[in-house]
1. Report, by residue number, each residue of segment A:59-102 that is at the interface with another protein chain (Cβ under 7 Å from one of its Cβ atoms), assigned to a helix (DSSP H, G or I) and among the aliphatic types (A, V, I, L, M).
2. List the number of the failed condition for A:A82; all other conditions in (1) buried (at least 16 other Cβ atoms within 10 Å of the Cβ); (2) in the same structural domain as A:L229 (by TED's automatic domain parsing) hold.
3. Just checking, does segment A:23-32 include any residue being under 23 Å from A:L227 (Cα atoms), at pLDDT 90 or above, away from chain B (no Cβ under 13 Å) and assigned to a strand (DSSP E or B)?
4. Are any of the residues in segment A:192-212 out of contact with any strand residue (DSSP E or B) (no Cβ under 7 Å at 6 or more places or on another chain) and among the small types (G, A, S)?
5. Check whether at least one residue in segment B:127-138 is among the hydroxyl-bearing types (S, T, Y) and either in a loop (DSSP other than H, G, I, E, B) or in contact with a Cys (Cβ under 8 Å, 6 or more places away or on another chain) (or both), and report yes or no.
6. Among the residues that make up segment A:170-186, is at least one of them among the polar types (S, T, N, Q) and either within 8 Å of chain B (Cβ to nearest Cβ) or under 21 Å from the mean Cα position of the chain (by Cα) (or both)?
7. Looking only at segment B:123-153, which residues are within 23 Å of the chain's Cα centre (by Cα) and basic (K, R)?
8. Filter segment A:154-207 down to the residues that are at pLDDT below 85 and either in contact with a Cys (Cβ under 8 Å, 6 or more places away or on another chain) or assigned to a loop (DSSP other than H, G, I, E, B) (or both) and list them by number.
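The values are calculated or read from the model by the stated rules, or taken from the named source; none is laboratory data. Bear in mind that the values here come from a model prediction, so they are computed numbers and not experimental data. In this analysis, Cβ positions are derived from the backbone assuming ideal geometry, glycine residues included, and neighbour counts consider all displayed protein chains.
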Amino acid sequence: MTETEVTQEGLHKEGRYIYCIVNGHEKFAVRNAGLDNADVYLVSYEDIGAILHACPAKPYESKEENKVKEWLFNHNNIIDKASDTFGTVLPFSFDSIIKGDDDAVVDWLNKGYEELKKELDRLKDKAEYSVQIFCEPEKLADRIMAQDSTIADLKEKIEKMPKRTAYLLHRKFELKMKDASHAIMVKLAEEYASLLMKHVEEIKTVKVHHVPEQFKDKKLIVSFSCLVLKDNVKTLGGTLGTINDLQGYAIRFTGPWAPFSFTKIGEI
Amino acid sequence: MEPSRGEYDINDFLDVLLDKGLVLNADLIISVAGIPLLGVNLRAAIAGMETMLEYGIMEAWDKSTREWYSEEFNAKMEVPLGENETVILRSFGSIWRSRGVISAWQLGFWYLTNNRLFLWRKEPAEMLFEVNLSKIEKIVLRKEVHFKKEREELYLQFDCGEIARIHISSSREFEKAIKIAVGRDLENELFIPSSPTYPNDDEEIVQEKKAWYLFTAKGILNETWKPGRIYLTKKRLFWVYQMDNQKMFEISFDKVIDLKISACNPVPSLKMGEKLLEVKYDGGCALFYAKTDELNEIESAMHCIILEQMCPGIVR
């Protein structure tokens with residue numbers, strides 16, 4: 001099936017599921033690779049375009065987590081493919097659908113052209129990387145004790161006390177430790193951010209929802225999303241490597257991803 | 001080190017896929033981060049509620065739920081009655097509610113049926129209060145001053161010990177009807193607490209602070225924060241309810257097994273992470289809420305008392 005045929009077939013469908021916006025008008029058509037094996041193609045306007053597939057004008061929904069995960073993988077997969085062909089793309093959040101046919105998409109690209117183009121240029125040759133810095137809890141505790149003698153004293157006192165009294169005091173100790181480790185983590189996060197700053201274009205701290213098994217016994221100090229120029233990935237990796245080699249520390253460094261966290265248009 | 005892109009990494013990145021990236025504007029687009037079903041299931045599974053709310057994903061769901069709710073209720077605006085339930089009496093009235101800082105009369109229509117006594121507000125439709133007749137133990141009609149005028153109010157006490165103070169425009173008629181409908185003799189003497197003052201004990205009060213206390217769910221009441229004062233003596237802690245000045249919680253320090261200030265898990269009306277004082281004792285845990293520095297004061301005073309009890313002379 002040719003690209004035109006794909007479009008023809010989709011004509012009767014009144015929605016377009018958008019994966020991303022790309023710079024350029026190279027041919028792009030992938031059969032059966034979109035959500036639910038949809039045929040994915042490019043709709044161009046001037047020198048930019050939208051990667052999409054035709055679908056009914058209603059959102060994809062499912063109660064089955066696995067189904068949705070599959071969709072999410074498809075979504076990401078198409079964005080990866082598009083990135084291979086066109087370089088950095090503007091990725092869309094999952095389940096973004098334009099009402100209307102290809103003409104509606106062209107019309108919409110036309111309206112948003114300047115903003116989209118500007119953003120594509122800004123993100124050119126950059127990609128998103130995720131960096132998580134872990135540390136052994138004991139390491140952190142040692143640092144805290146070394147810094148704050150009152151906590152160390154309290155610990156010593158507890159060890160000498162009768163058990164029940166010690167229990168209550170222990171609570172106090174734990175609270176103090178918690179506050180102190182929070183403070184030290186904030187401080188460390190700032191230090192690492194400024195350390196990485198010279199290798200990245202932008203850096204953000206992000207929340208992390210799950211931590212892989214291999215890091216489970218460590219404490220997550222900070223998690224960053226970084227926007228990195230292709231040429232700088234090596235030096236960033238180098239700096240992370242030196243932290244990773246420190247005893248008690250571990251780094252998780254993943255990417256490259258499309259710049260999901262750094263597209264600034266927000267709503268188009 | 002080299003960045004990795006394994007399957008697990010992609011899996012983790014799915015969060016970002018849901019939260020970030022461009023979103024469409026609603027106008028020409030049916031947009032769509034905010035789809036009810038998908039949103040709820042998936043994002044709850046993957047991203048967690050917080051992110052959902054942060055990104056407005058729940059709004060659409062919330063809106064559609066509310067629409068559905070109001071449709072449902074417009075359809076059956078009549079009073080919700082059970083099968084075989086018939087209304088005996090109906091009259092305009094109110095109930096005295098004191099929830100947190102707000103104390104007020106809630107208005108509606110009182111219904112007495114063969115099963116229940118309830119206060120129903122039509123618009124917006126809500127059941128303000130309801131109780132099964134079998135739970136009523138005492139009923140007392142008392143004259144009270146309401147906005148400088150005297151009127152008759154009913155006090156009902158239920159099997160859980162809770163007392164409801166209600167006003168019904170035809171209170172005498174209701175009183176009679178309730179007694180008949182219940183079909184049992186109801187006590188008509190009710191201890192309506194007068195107001196003792198504290199400290200009234202011979203023990204010395206070491207500390208006194210304003211604090212909220214979390215009443216556990218009991219009978220017809222949900223968990224509720226109630227305002228009052230916390231008192232510490234050398235031997236015990238007790239808490240006095242502001243409304244009636246009664247001691248509602250009391251614990252001797254030698255029963256306390258743990259004491260801490262913690263950030264709260266979900267409890268009614270408080271934001272996650274607000275500081276609470278947790279007093280654990282064998283068989284339970286009492287929660288108090290106050291200004292953070294006052295909580296700290298209470299906690300450290302208690303620590304001192306307990307420590308002093310166990311190791312006399314340790315606190316100087």
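1. A:V68, A:L72
2. Result: A:A82 passes all but (2).
3. yes
4. Yes, segment A:192-212 has at least one match.
5. no
6. Among the residues of segment A:170-186, not one is among the polar types (S, T, N, Q) and either within 8 Å of chain B (Cβ to nearest Cβ) or under 21 Å from the mean Cα position of the chain (by Cα) (or both), which makes the answer no.
7. Scanning segment B:123-153 gives a single hit, B:K135.
8. Within segment A:154-207, A:M161, A:P162, A:T165, A:K207 qualify.
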